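The values are calculated or read from the model by the stated rules, or taken from the named source; none is laboratory data. The structure presented is a predicted model; accordingly, all values stated were derived computationally and were not measured. Positions of Cβ are backbone-derived with ideal geometry, glycine not excepted, and every protein chain shown enters the neighbour counts. Only protein heavy atoms, including side chains, enter the accessible area calculation; ligands, DNA and RNA are left aside. Shrake-Rupley method; radii C 1.70, N 1.55, O 1.52, S 1.80 Å.
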Amino acid sequence: MKKWFLVWGVLCFSMTPLVQAQPESGDYQDYVVTLVRHGDRSPSSPLNPKLWPIGPGEMTDTGLKQCYEAGKHFRRTQLPAGFPSRWNPELSYHQARGLDRTIQCATTMLQAIYPDSLKTGSGDEFAIVPPVYASLPQDDYLLGFTQSCTGFRALIADMQKSPLWQKKLEELGLDKIRLWAKESGQQRAPSLHAIIGLADALNVRKLHNIPLPEFLSPQDEQQLLDLIDWFMAQIVKDRRMVQLASQHLMKAIDQRYQQHQTCLENGRTSCEYFYLLAVSDTNILALLSALGSPREFNVPYTSMLTLRFSASNKTVQASLNNEPLTLSCGTTCSLEQWGQLVASLQRSDWTELCQLKEPAAHSTIFPDISTGTKEEK
């Protein structure tokens, strides 16, 4: 990783009291890694910016509340009963993709996970703000590959040449795509990924009960909303894309778990318990594919992909929104199988893959493609 910087954020608003953590069968020797998608946001490419004074792609009040509730849920379902309510550096580590909404979501979640960190009194002389680490977008190779790697757009341009993508383009109709691109103010060659920004804007408008623009029919809207799921599923079916997105992430997860193991082996009584990452949907979908559990549909806001490393059983289990997952190595994987999975994603030419250049004829400025899901529509 390059140029990681520390973000100190405090977002204060009234919420219901935290639900007490429930007893769990595990103990403090387990290690938990959770990737959490950010909450509700404004469109990345608004059709009418005046409707979104917070700016493009920024968290809404609804999104902040969703992240706070996600933090309460995480504490209740993933942490042992009696887990400390005031943060200290030995308890956990927190990273976010280098975007306002992911940093805000992580910070808000941590207020719910550690509800006493911002309190003073009763012997506490000062508040503690759990730190969130993020990288500059151009250097965010861990979580921000869609922005830091030109290879992301190059791979999509390559996929578009395939018969499957050409067939999808024909189904939608090139003339219709040209119209959509023109009316939404896009100066791009007609293509599937060129209209994802429009599809995203429609999805967010639908979630916020904003009427359709006049140039679109209800049928057009449904075609574009369906395209989101199709597009997201297709890009993470490509092995190169999965490796581009997941190589550094899987290695970082493994390294933090190995540090946890070393801590236990050294006989320390206080070892890091969890690793929290606030991410976008592309990160979760790509990692699901890397783990051998791909999805055909997008993941909802504040979805949680969790890996639990058991020190006593020497196993790894995964869940998505608390539903157990079957990975390429089964529902319960040995640490040896986990290591093999991490190794299988490593490419010696990853840097070259990241730096692939998009053909000039297809060159675009690709917007962030985090979107809602069918369940949210």
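For the stretch 52-63, give me each residue that is within 16 Å of the chain's Cα centre (by Cα) and open to solvent by 20 Å² or more (accessible area, probe 1.4 Å).
Hit for the stretch 52-63 is GLU58, nothing else.
Could you list, ordered by first residue, the pairs with Cβ atoms under 7 Å in which the first is in the stretch 226-255 and within 27 Å of TYR275 (Cα to Cα) and the second is open to solvent by 30 Å² or more (accessible area, probe 1.4 Å) and of a type in the set (Lys, Arg), at least 6 apart or interchain?
ALA233/ARG295; GLN243/ARG347; GLN247/ARG347
Of everything in the stretch 343-357, what is at pLDDT below 95 and open to solvent by less than 30 Å² (accessible area, probe 1.4 Å)? Give them in sequence order.
If the condition is that a residue be at pLDDT below 95 and open to solvent by less than 30 Å² (accessible area, probe 1.4 Å), then LEU345 is the only one that fits.
Among the residues of the stretch 358-377, which ones are acidic (Asp, Glu), open to solvent by less than 70 Å² (accessible area, probe 1.4 Å) and modelled with pLDDT under 50?
Once the filter is applied, which keeps residues that are acidic (Asp, Glu), open to solvent by less than 70 Å² (accessible area, probe 1.4 Å) and modelled with pLDDT under 50, the stretch 358-377 yields ASP368, GLU376.
Identify all residues within the stretch 305-323 that are touching a residue at least 60 places away in the same chain (Cβ under 8 Å) and in a strand (DSSP E or B); write none if there are none.
LEU305, THR306, LEU307, ARG308, PHE309, SER310 - these are the residues of the stretch 305-323 that are touching a residue at least 60 places away in the same chain (Cβ under 8 Å) and in a strand (DSSP E or B).
On the given criteria, is LYS314 open to solvent by 20 Å² or more (accessible area, probe 1.4 Å), of a type outside the set (Ser, Thr, Tyr), at pLDDT below 95 and touching a Leu at 6+ places or on another chain (Cβ under 6 Å)?
Answer is yes for this residue.
Quick check on the stretch 131-157: of everything there that is touching a helix residue (DSSP H, G or I) at 6+ places or on another chain (Cβ under 8 Å) and of a type in the set (Ser, Thr, Tyr), which residue is surrounded by the most Cβ atoms within 10 Å (Cβ to Cβ)?
The residue in question is THR146.
Just need a number here: residues in the stretch 15-39 that are open to solvent by less than 10 Å² (accessible area, probe 1.4 Å), part of a loop (DSSP other than H, G, I, E, B) and at pLDDT 60 or above.
Kept after step one, since they are open to solvent by less than 10 Å² (accessible area, probe 1.4 Å), are these residues of the stretch 15-39: 21, 31-39.
Retained after the next criterion (residues that are part of a loop (DSSP other than H, G, I, E, B)): 21, 38-39.
Now restrict to residues that are at pLDDT 60 or above: 38-39.
Looking only at that region, the number is 2.
Got a sec? Which of LEU216, LEU212, LEU172 is at pLDDT 90 or above, touching a helix residue (DSSP H, G or I) at 6+ places or on another chain (Cβ under 7 Å) and open to solvent by less than 30 Å² (accessible area, probe 1.4 Å)? Before you say what the answer is, go through the steps one by one.
Details: LEU216 fails: touching a helix residue (DSSP H, G or I) at 6+ places or on another chain (Cβ under 7 Å); LEU212 fails: open to solvent by less than 30 Å² (accessible area, probe 1.4 Å).
On inspection, the qualifying residue turns out to be LEU172.
Return the total of residues in the stretch 233-270 being of a type in the set (Lys, Arg) and not in a helix (DSSP H, G or I).
Count: 2.
Out of GLN95, GLN66, which single residue is buried (at least 24 other Cβ atoms within 10 Å of the Cβ) and either part of a loop (DSSP other than H, G, I, E, B) or at pLDDT 95 or above (or both)? Steps first, please.
On the way: GLN66 fails: buried (at least 24 other Cβ atoms within 10 Å of the Cβ).
One residue alone meets the criteria, GLN95.
Only one of (1) open to solvent by less than 60 Å² (accessible area, probe 1.4 Å); (2) within 26 Å of the chain's Cα centre (by Cα); (3) hydrophobic (A, V, I, L, M, F, W, C) fails for ALA127. Which number is that?
It is condition (2) that ALA127 fails.
Scan the helices (runs of 4 or more DSSP H) fully inside the stretch 117-204 and keep the ones with 2 or more residues being touching a Phe, Trp or Tyr at 6+ places or on another chain (Cβ under 9 Å) and closer than 26 Å to SER246 by Cβ. Before the answer, list the steps.
Numbers: elements: 145-148, 150-159, 163-172, 174-183.
In the stretch 117-204, the matching helices (runs of 4 or more DSSP H) lie at 145-148, 150-159.
Go through the stretch 274-292 and report how many residues are part of a loop (DSSP other than H, G, I, E, B) and either at pLDDT below 95 or open to solvent by 10 Å² or more (accessible area, probe 1.4 Å) (or both).
Going through the stretch 274-292 one residue at a time, the tally reaches 1.
If you take the residues in the stretch 69-92 that are among the charged types (D, E, K, R) and not in a helix (DSSP H, G or I), which one is least open to solvent (accessible area, probe 1.4 Å)?
Checking each candidate, the answer is ARG86.
Criterion first (open to solvent by less than 10 Å² (accessible area, probe 1.4 Å), at pLDDT 95 or above and part of a loop (DSSP other than H, G, I, E, B)) does LEU110 satisfy it?
No.
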